Amino acid sequence: MANTLTFTFINDYPPSLSQLKTYGSGIIILFIIFYFISLPFKENKSLLFTNSVYINTGYLGYPILLSVWGEKALSYGVIYSVINMILGSIFVPMFLDKKISLKNTFKLPYIYVIILAYILSLLGINYRNFPKPILETILLLKNAAIPVLLLFVGLSLSKITIKKINHKLLLSTTLIRLFIYPFFALIYVIIFHMEKNLGKVFILESAMPTAINSVILIDALTGDSSDISLTVAITTLFSAFTIPVWVFLIEKII
């Protein structure tokens, strides 16, 4: 469903090269900044950095963008999410001194979905002109995606197990994910004079909670995912209060 949603919005609203460059540059700059911020934490460096850059831009970001600013904003959110996912799969292992697996990166279906949708758009081919059975299937998956993605967030949280609570670390990860990271995103948007609607989406997507797949990565790196699991749960719950605040601030500032 997420891939279908990506395909339809890229096909309907193909990104320009300048948009891809703007988002890509911003995400890389934020990655670098928060890599250095994570260094003083030493043994928790992997957790802090992963928490910073693994963002729930899709499962939670898509529904919120659609409800707040509509389909055009969601199309920008798709671009942000895909770029963040691709760059994350490359830069996170590199920054954590792990081997980069380009083979695994090219297994991401988003890469092929966005390329296919973009090429079809350049050729003037829109999925809405596909044969009726195919179009109805695409629309069914597209329209079901948002509610199912929200249900998936809740189901993912229900599977989290918590063994212990490191209050200091939990406070640090929560502040970084919900406040500090989007604040730097806001600064980037202002300094580089990002186009208004692009900038609004860039900041709000940066303010989303920690993604559930960070648990898988940290468990693979350290063998203990209890801290990051709690961070995912807490940032997701607290985001119900912080995201409206960020929407208000974005509307006032941008």
Cα axis of helix 213-222 to longest principal axis of the chain: angle in degrees, 0 to 90, nearest 10?
40 degrees
What is the sum of charges, Lys and Arg at +1 and Asp and Glu at -1, for the other residues whose Cβ falls under 14 Å from the Cβ of Ser239?
0
Given the Cα atoms of region 65-202, and with Rh set as the inverse mean 1/r over their pairs in the Kirkwood sense, what is Rg to Rh to two decimals?
1.01
From the square roots a ≥ b ≥ c of the eigenvalues of the alpha-carbon gyration tensor of region 164-204, which class results: rounded (a/c under 1.5), prolate (a/b over b/c), or oblate?
prolate
So if a site counts as exposed when it's one of the chymotrypsin sites (Phe, Trp or Tyr not before Pro), its DSSP state isn't H, G, I, E or B, and it has at most 15 other Cβ atoms within 10 Å, what's the longest stretch of the chain without one?
1-105
If you roll a 1.4 angstrom probe over the protein chains with everything in place, what fraction of the accessible area of the chain belongs to carbon and sulfur, to the nearest %?
69 percent
Report ³J(HN,Hα) in whole Hz for each residue of region 76-84, in order, from the Karplus equation J = 6.51 cos²θ - 1.76 cosθ + 1.60 where θ = phi - 60°; Gly and Pro get x.
5, x, 4, 4, 4, 4, 5, 4, 4
For the chain, modelled as a GNM with alpha-carbon contacts under 10 angstrom, which of Glu71, Glu205, Glu136 fluctuates the most?
Glu136
Which one of Lys72, Lys168, Lys21 has the biggest mean-square fluctuation once the chain is modelled by GNM with Cα springs under 10 Å?
Lys168
Assign one of three labels to region 121-201, namely rounded, prolate or oblate, based on the Cα gyration tensor with a ≥ b ≥ c the square roots of its eigenvalues; rounded applies when a/c is under 1.5, prolate when it is not and a/b is larger than b/c, and oblate otherwise.
oblate
Whole-number accessible area per residue in Å² for region 134-254, which is evaluated in the context of all protein chains at 1.4 Å
51 Å²
Return one number: the angle in degrees, 0 to 90 and rounded to the nearest 10, between the long axis of the Cα atoms of helix 132-158 and the longest principal axis of the Cα atoms of the chain.
10 degrees
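The values are calculated or read from the model by the stated rules, or taken from the named source; none is laboratory data. Computed from a prediction, not measured in an experiment: that's the story for all the values here. Counting neighbours? That spans all protein chains shown, and the Cβs are built from the backbone with ideal geometry, glycine included. Surface areas here come from the heavy atoms of the whole protein model, side chains and all, with no ligands, DNA or RNA. Shrake-Rupley method; radii C 1.70, N 1.55, O 1.52, S 1.80 Å.
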